[in-house]
1. Taking 0.36 nm per residue of sequence separation and subtracting the Cα-Cα distance, how much length would be gained by fully extending the chain between residue 99 and residue 70, in nm to one decimal?
2. Of the residues 17, 35, 47, which exhibits the maximal mean-square fluctuation in a Gaussian network model of the chain defined by a 10 Å Cα contact cut-off?
3. May I ask you to derive the FRET efficiency for residue 88 and residue 116 from their Cβ-Cβ distance with R0 = 25 Å, giving the value to the nearest 0.05?
4. Note down the relative contact order for the chain as a percent, whole number, built from C-alpha pairs under 8 angstrom at least six residues apart.
5. Report, in degrees rounded to the nearest 10, the 0 to 90 angle that the Cα long axis of helix 2-20 makes with the longest principal axis of the chain.
6. So which residue, out of 45, 146, 94, gets the largest mean-square fluctuation from a GNM of the chain using Cα contacts under 10 Å as springs?
7. Please report the spacing between the Cα centers of segment 94-108 and segment 4-21 in Å, no decimals.
8. If you fit an axis through the alpha-carbon atoms of helix 33-49 and take the longest principal axis of the Cα set of the chain, what angle between them do you get, 0 to 90°, nearest 10?
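Where a number appears in this text, it was derived from the coordinates with a stated rule and is not lab data. Remember, predicted model here, so these are calculated numbers, not experimental data. Ideal geometry is used to build each Cβ from the backbone, glycine not excepted, and the neighbour counts take in all protein chains shown.
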């Protein structure tokens, strides 16, 4: 019986993660909100009745999850630096010269729009999100893992295969005006 319950919880979790992915990442919902809510209610009921099978990465932990304001400070494995400002061609040429003097022969530049948000470092171990840390002072940042888990477009578990056992990805969390 317990194996059946465990499998049912895992099956519901996988379904809900897939529906969340379709809705929040692909912007292509595959079920109605009502159907989603019913599946989520079923998952919550099972996890309540069988708490030994509750995973911290369950879809039930994303909805209405508690957001903490008391953050633990975490030292970055590698400094999380900010880009310097450049205002003219001379600054760009000086930067390029420093790169050449550093012995880097093969490189290219990429330009993109600047987004102003919160710089974040996400750590995945065995494909599961284990930690989210802000830039902070570049050496240390705030552990905001619980908060980041409420952002439905950030995967709690990676899809697919072939990624390293442990890795860190960095980016910017932004909220577009239309979300207000």
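1. 6.4 nm
2. Highest fluctuation of the listed residues: 35.
3. Numbers: r = 22 Å, r/R0 = 0.86.
E(calc), rounded to 0.05, equals 0.70.
4. Relative CO of the chain lands at 24 percent.
5. 50
6. Fluctuation is largest for 94.
7. Taking the Cα centre of segment 4-21 as reference, the centre of segment 94-108 is 49 Å away.
8. Taking Cα atoms only, the helix is inclined about 70 degrees.
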